[in-house]
Amino acid sequence: VQLQASGGGLVQAGGSLRLSCAVSGGTFSTYGMGWFRQAPGKEREFVAVISWSGINTFYADSVKGRFTISRDNAKNTVYLQMNNLTPVDTAVYYCAADPTRGGIVTTTYEYTYWGQGTLVTVSS
């Protein structure tokens with residue numbers, strides 16, 4: 001199973017970006033999919049997760065109301081729409097797949113597959 005994250009870049013505060021994560025191999029439609037981020041000098045932290053069906057989602061408090069996670073099982077892709085970005089959101093963003101539970105999982109160690117990360121930089 002391979003995950004390819006894309007869509008990062010440089011954006012001004014208040015701006016928006018949409019990250020994508022394309023998954024190849026395995027059975028994407030059965031995986032819970034999560035987004036995490038890691039800022040310089042900090043630990044990787046949970047951002048958002050979506051269940052295999054797309055019905056259930058869950059967000060970190062820091063992004064709730066600004067970020068939206070979604071998925072297209074026909075395209076084997078999960079998205080993270082990020083609005084009203086602030087410099088605090090600057091980090092490398094990683095997508096991850098949980099083939100075991102398929103539901104709402106927020107801890108890094110419960111994810112089996114990881115993408116390579118895409119850098120998001122928000123300028124003030």
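The values are calculated or read from the model by the stated rules, or taken from the named source; none is laboratory data. Fair warning: this is a prediction, and the values are worked out from it, not measured in the lab. A quick note on method: Cβ atoms are made from the backbone with ideal geometry, for glycine too, and the neighbour counts reach across all protein chains shown. With ligands, DNA and RNA removed, areas are computed over all heavy atoms of the protein, side chains included. Shrake-Rupley method; radii C 1.70, N 1.55, O 1.52, S 1.80 Å.
Please verify whether PHE36 is farther than 15 Å from LEU119 by Cα and aromatic (Phe, Trp, Tyr), treating the condition exactly as stated. Against the criterion (farther than 15 Å from LEU119 by Cα and aromatic (Phe, Trp, Tyr)), PHE36 does not qualify. Within region 63-85, the set of residues being assigned to a loop (DSSP other than H, G, I, E, B), over 21 Å from TRP114 (Cβ atoms) and open to solvent by 60 Å² or more (accessible area, probe 1.4 Å) comprises LYS64, GLY65, ALA74, ASN84. Of the listed requirements (1) open to solvent by less than 70 Å² (accessible area, probe 1.4 Å); (2) touching a Cys at 6+ places or on another chain (Cβ under 9 Å); (3) not hydrophobic (A, V, I, L, M, F, W, C), GLY9 misses just one: (2).
Among the residues making up region 86-108, those that are assigned to a loop (DSSP other than H, G, I, E, B) and under 17 Å from ALA13 (Cα atoms) are THR86, THR90. Taking first residues from region 1-17 that are closer than 19 Å to ILE69 by Cβ and partners that are assigned to a loop (DSSP other than H, G, I, E, B) and of a type outside the set (Gly, Ala, Ser), the Cβ contacts under 6 Å between residues at least 6 apart in sequence or on separate chains come to VAL11/LEU85; GLY15/LEU85; SER16/ASN83. When every residue of region 110-122 is checked against the conditions, at least one turns out to be over 14 Å from the mean Cα position of the chain (by Cα), more than 19 Å from GLY14 (Cα to Cα) and surrounded by fewer than 18 Cβ atoms within 10 Å (Cβ to Cβ). Just for region 60-101: of the residues that are over 11 Å from the mean Cα position of the chain (by Cα) and of a type in the set (D, E, K, R), which one is modelled with the lowest pLDDT? Filtering region 60-101 for residues that are over 11 Å from the mean Cα position of the chain (by Cα) and of a type in the set (D, E, K, R), the one modelled with the lowest pLDDT comes out as ARG101.
Among the residues of region 21-32, is any surrounded by fewer than 16 Cβ atoms within 10 Å (Cβ to Cβ), in contact with a strand residue (DSSP E or B) (Cβ under 6 Å, 6 or more places away or on another chain) and modelled with pLDDT of 95 or more? Taking every residue of region 21-32 in turn, at least one turns out to be surrounded by fewer than 16 Cβ atoms within 10 Å (Cβ to Cβ), in contact with a strand residue (DSSP E or B) (Cβ under 6 Å, 6 or more places away or on another chain) and modelled with pLDDT of 95 or more.
Filtering region 39-56 to residues that are open to solvent by 60 Å² or more (accessible area, probe 1.4 Å) and either in contact with a Leu (Cβ under 8 Å, 6 or more places away or on another chain) or part of a strand (DSSP E or B) (or both) leaves only GLU45.
Counting only residues that are part of a strand (DSSP E or B) and over 20 Å from GLU45 (Cβ atoms), region 1-17 holds 6 of them.
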